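Enquirer: Below you will find the structure I want to go over with you.
Just so it is clear, none of the values below were taken in a lab; they were calculated from the coordinates. Since this is a predicted model, take the numbers as computed values, not measurements. With ideal geometry, Cβ positions are generated from the backbone for all residues, glycine too; neighbour counts draw on all protein chains shown.
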Amino acid sequence: MIALELLFDRFGYHTGRRRLPLLSLGRIRSAGLDSPAAEFNRGFARRTDTGTVLVSSAGTAWLGILVWISVLVAALAFAR
């Protein structure tokens, strides 16, 4: 269980935190790890006053994990 938390928190969150602004051209940003979940609509994201979308830390981690899964799938597809 600790390994899954490490994978989810470390790799997923930090990958998502770096890739979200890059892939969305700055329109989507990640919230900090210490931000309360009550601030977000449906626990995932909210729009700020400047028009950017702020994604919760859990949402950022899931998106980061999806990036790693897509990299794995692409690597397996090219390895054939």
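Enquirer: Distances longer than 21 Å among the Cα atoms of the stretch 2-79: what percent of all pairs is that?
Expert: On the way: 904 of 3003 pairs.
Tail of the P(r) past 21 Å holds 30 percent of the pairs.
Enquirer: Got a sec? How would 80, 10, 17, 29 order by Cβ neighbour count within 10 Å, fewest to most? Before the final figure, lay out the partial values.
Expert: Values: 80 4, 10 12, 17 20, 29 17.
With the sparsest Cβ surroundings first, the list reads 80, 10, 29, 17.
Enquirer: Given the rule -39500 (n - 2.57) for each run of at least 4 DSSP H residues, summed and divided by the residues of the chain, what is its mean residue ellipticity at 222 nm, to the nearest 500 deg cm²/dmol?
Expert: Details: 3 runs with 38 residues, N = 80.
The helix-only estimate for the chain comes to -15000 deg cm²/dmol at 222 nm.
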